[in-house]
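Taking it in order: structure first as C-alpha cells, then the write-up.
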Amino acid sequence: MENIETKLREEASRLLLEKKVDVIIGYEKGTLPLTATPCFITKPEDTEKLVWNNLCTQNLAKYVHDLITQHKNSQKRVKPEDKKKKIIGVVARGCTTRSLIIHLQERQYGRDEVYIIGVPCDGYIDGKGIKVAVGGADIVEGSIDGGQVKMQTSDGDKTVAFRDVLADNCRTCRFNNPIISDVMIGSPAPAMNPDAEYEDVKEFEGKSTEERWAYFTKEMDKCIRCYACRQACPSCYCPTCFVEQSQPQWVGIGEDPSDTQVFQLMRLYHMVGRCVDCGSCISVCPMGVDLRKFLKKIDKDCFEFFGNRAGSSMEDMPPLGKYDEHHDKQDFIFNP
Amino acid sequence: MEKRLIKKDALAGIAKKMAEKLHVWAPVKKEDNVLFAPLKKDNEPFFAYLNSKNAPKNVFFPHTETMMKYTRTPNGMVFSSEENKADEAVLFGVRPCDAHSFVLLDKLFDQEKYKDSYYISKRQNTTVISLACVKPPYSSCFCTSVDGEPVSADGADILLTDIGSDYLVEFITSKGEKLASYFGETKADTVAETKKNEIAVKAKDAIKSKIPAHEIKPILDKNFDNPFWNTIHGKCLACGTCTYMCPTCHCFDISDEVKGSDGVRIRSWDSCMFPLFTKETSGHNPRSSQKERWRQRTMHKFKYYVDMFNAIACVGCGRCVMSCPVNIDIRKIVEDISKL
C-alpha cells in the first residue's frame, strides 16, 4: 500500500496547491497501536500525514455531509453575489463512494461540491475482533506485514493472519473499489468474497420468531444509548434525530429496554435501501452490539424485493425514493 | 488497621459467599466485555481482568434512576419519594483508578452546599474493595499523572494486592473491617508488607504514559478563546462514548415520563458531547458546536473541577482513549495545551 500512500499524498498536495479543493478528508496515523483516524488537511505540506492502509475504518462520507452542511449554514446570511462555494476532497474506497452516491441521490449536495479521490480497498481490521484474537490482552505495538498482523501485547508477542481479523463486512464486500471517482489512485483491488454475503442472514432467517426476538433483545440489552452508531453513519444525517425531539417526545431517555429497542428499530427501518455495509456503526459501538445481522437482513430483503443494492450506481435510485407506476407491485396493500 | 493474607484462588469464593447475604457487584464476563454486574447464582466473578469496559460509577450513579413518582387523583397530586432505598452492598474488585473516581464524585455529590441523597445513600451503604494493579492493565493507563497510583487504597475500604502466592488484604476503614470475617484468619507478617511495598513501587514505575495534567490549569485559565479549540473537534462524532465510559463524568438530565395519570421523574446520564446538552427552551444553545462542547469537557476536567474542588476530574484509566471511535486522545489534548 505504500506506493498508493505516496501517490495519494502527491495527488492531495496537487489538489490543494491548484485550489481544486478546499479541504481533503483522509486518514492519519492514530495515537494507539494499529489505528488510523480521520483527518482534515487544508495545507499542501500537511498531506505528508495522509495514510492509506488496513486500519482506515471510518466511512468518511459522514464528514463530507457534515462539512457541506456546516458550510451551507454559514452561507445562509451571505448576499447571493458573495456566496462562496466549498469543495470537499475525500479519500474514498468502495463503501465510501456508495454513501456519497446515496447523498447525491438524496440531493444533499451537488456532484461538483465533492472531489472523490478513489482508492482501492482490501478491507480493514476489525478493531474489537483483534482484541479478542489476542485473548483480551493489551496491544502495545503492532504492524501489518505480508498478510500477517504482528503485535507486542501484555501477554508477549503474537501474530495473527490478516484474513482472520478482517471485519465481517469487508470479508464479503461486493464493492471494494470506488464506484465513482474524480481521480483514481492505484489499480483496483482484487475482489473479496461477495458470494458469502448473506450466509449469516440465511442462518438467522432459519430460526424461529422466538429465537430471533431473543437474539434481538439480547443484543439490544448491551446498548448504552451513546448513539455512536447513529453518529458514525453517513446515512444518519437528520438535523434532529427523532430520539432528540422533545415535542412530542417519541422515546424515553432512560434505560428502559423498550426505549432502546425503539431507537434501534427506527434506525434500522430508516436504513432500508440506504445501508452500504461500511461497518462504521459496528466498529464504533463500544459495547459490541451486533447491528450488522439486522442491517444485512434489511439489505437482503431490499435486494430480493426491489433488486436494489444501496448506492451501487448513480442510476439505481433507492427503492423508497422512486416511484414507478407501471412496475410497482402493490398487491400487498389489498391482499395482505 | 489489620492486615491478612488469603490464598489467591480463594477470591471468587469469598465474593460468592458475600453475595449470599449482601448485594455484591463484581466484574463479570459478558461475551467479549467485562462489566460490573450484580453477582447472582448464574454468573461468576472474573478477577483476571485488565479493567472493566465501562466504569463502575453506575453502582452509585446509575444510568437511569427514579427520583420520585406521582399520581394525579381527584384530590390532587400524590407524590412518593424514591430516595434512600439502597441495600447494603459490596463493590468487589474495582481498580484503584475507579476507586479514586469515587473520591472525586463525593466532592460533588456529597458537599457542604449540596447533598445528593440518591448518590449518598448508595455510597454510604456500599463497601468498596479495591484490587490493586500489580502491573499496569493498559499501555494507555496514566493514573500517576492525575494523582493516582496502581497500588493505592484511595477511595477503598479494603485493598487487595496480589503479592505472588497470596493476596494481601488491608482493611482501610472501619466499614471495610466489618467484612473481615470473610477473609480468613491468616494474619499478614511484615514480609508480606515489604513485598507489597516493593510491588507498589514497581507498578508505579511501569506506568509509562504520562501527561502534564497539573501544568495546564493556569494555561486554561487564560485561553478560553484560543484558536487551539478549533483543532480538536473536527473528527468528533458527537457520540457519548467518552463520557459514558468515563468514571468521573457525572452530568445528568432530569425528565418526567408520564403515562395516563401516573408519572415518574427520572434522572439519566447526559453527555456534554450531545447536541441537546445545554440547549435552552428558546432553541438557543450557548455551546452551539462540537468545538464548544470539547472545550467544556476539557475545561470541566482540568480547570473547573480544580477551581471548585481542588482536584482534577480525571483518574487516568484511559477508557476514553481506548473507546473513542475516532481516536480523539485526551492525553494528546493535554499535551498540546501544555505547549500553548
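The values are calculated or read from the model by the stated rules, or taken from the named source; none is laboratory data. Owing to the predicted nature of the structure, the values given are computational and were not obtained by experimental measurement. Glycine also receives a Cβ, built like all others from the backbone with ideal geometry; neighbour counts cover every protein chain displayed. When the accessible area is computed, the model is the full protein with side chains, heavy atoms only, and any ligands, DNA or RNA have been set aside. Shrake-Rupley method; radii C 1.70, N 1.55, O 1.52, S 1.80 Å.
Taking label points 7 Å from Cα along the Cα-to-Cβ direction, A:Lys79 and A:Ala214 give a separation of 7.0 nm. Each residue, B:Asp9 and A:Asn193, gets one label point 7 Å from its Cα in the Cβ direction; the gap between the two is 4.1 nm. Rounded to whole numbers, the Karplus 3J(HN,Hα) couplings from phi for the range B:171-183 are 8, 8, 10, 5, 4, x, 4, 4, 9, 4, 4, 6, 9 Hz, using 6.51 cos²θ - 1.76 cosθ + 1.60 with θ = phi - 60°, and x at Gly and Pro. Remark: chain A carries 49 Å² of accessible area per residue (probe radius 1.4 Å; ligands, DNA and RNA excluded). In percent, rounded to a whole number, the relative contact order of chain A is 16, using alpha-carbon pairs under 8 Å and six or more apart. Can you send over the carbon and sulfur percentage of the accessible area for chain A, probe radius 1.4 Å, protein chains only? On chain A, the fraction of accessible area on carbon and sulfur atoms equals 51 percent.
Phi-derived couplings, Karplus 6.51 cos²θ - 1.76 cosθ + 1.60 at θ = phi - 60°, listed residue by residue for the range A:108-115: 7, 7, x, 4, 7, 8, 10, 10 Hz, with x used for Gly and Pro. Each chain gives up part of its surface: B and A jointly bury about 2900 Å² of accessible area, both sides summed, for a 1.4 Å probe. Quick one: if the Förster radius is 56 Å, what FRET efficiency do A:Met314 and A:Gln245 give, using the C-beta to C-beta distance and rounding to 0.05? FRET efficiency, A:Met314 to A:Gln245: 0.95.
Amide H of B:Met67 versus every other amide H placed in the peptide plane: which residues, excluding those fewer than 5 positions away on the same chain, fall under 5 Å? Amide H neighbours of B:Met67: B:Arg265, B:Ile266, B:Arg267. Evaluating 6.51 cos²θ - 1.76 cosθ + 1.60 at θ = phi - 60° for every residue in the range A:118-126, the Karplus couplings come out as x, 10, x, 9, 10, x, 10, 6, 6 Hz, glycine and proline recorded as x. Here each label is just a point 7 Å from Cα along the line to Cβ, and for B:Asn33 and A:Thr6 those points are 4.5 nm apart. Full extension of the chain between A:Arg111 and A:Leu268 yields a length gain of 53.8 nm, computed as 0.36 nm times the residue separation minus the alpha carbon distance. Amide H to amide H distances under 5 Å link B:Lys3 with B:Ala188, where only residues 5 or more positions off or on other chains count and H is placed in the peptide plane. The accessible-area loss of the range B:285-326 on complex formation, taken against its chain alone with a 1.4 Å probe, reaches 20 Å² or more at B:Met322, B:Pro325, B:Val326. Would you please give the FRET efficiency between B:Lys40 and B:His284, computed as 1/(1 + (r/R0)^6) with r the Cβ-Cβ distance and R0 = 41 Å, to the nearest 0.05? Given R0 = 41 Å and the Cβ-Cβ separation, E is 0.30. Over chain B, Cα pairs under 8 Å with separation of 6+ residues give a relative contact order of 21 percent. Contact order, relative form, for the range B:217-338: 31 percent (alpha carbon pairs under 8 Å, 6 or more residues apart, mean separation divided by residue count). Judged by the mean number of other Cβ atoms found within 10 Å, the most tightly packed of the peptides A:231-242, B:9-20, B:257-268 leads the ranking A:231-242, B:9-20, B:257-268.
For the range A:52-73, no residue has its backbone nitrogen under 17 Å from a point 7 Å from the Cα of B:Asp336, taken along Cα to Cβ. What is chain B by shape, rounded, prolate or oblate, if you read a ≥ b ≥ c off the alpha carbon gyration tensor as root eigenvalues and call it rounded for a/c under 1.5, prolate for a/b larger than b/c, and oblate otherwise? Here chain B falls in the oblate category.
Compared with the direct C-alpha span, the chain from A:Phe305 to A:Lys150 gains 51.4 nm at full extension, assuming 0.36 nm per residue. Note that chain B presents 45 Å² accessible area per residue, ligands and nucleic acids not counted, probe 1.4 Å.
Annotation: amide H-H contacts under 5 Å for B:Asn285 (H modelled 1.01 Å from N, sequence separation of 5 or more, or interchain): B:Glu280.
The length gained on full extension between B:Ala48 and B:Gln111, counted as 0.36 nm times the residue separation minus their Cα-Cα distance, comes to 19.1 nm. Solvent-accessible surface, computed for protein heavy atoms with a probe of 1.4 Å, shrinks by 40 Å² or more for the following residues of the range A:211-241 when the other protein chains are added to the isolated chain: A:Ile224, A:Cys226, A:Gln231. From its DSSP helices (H runs of at least four residues, each -39,500 (n - 2.57)), the protein assembly as shown gives a residue-normalised ellipticity at 222 nm of -9000 deg cm²/dmol.
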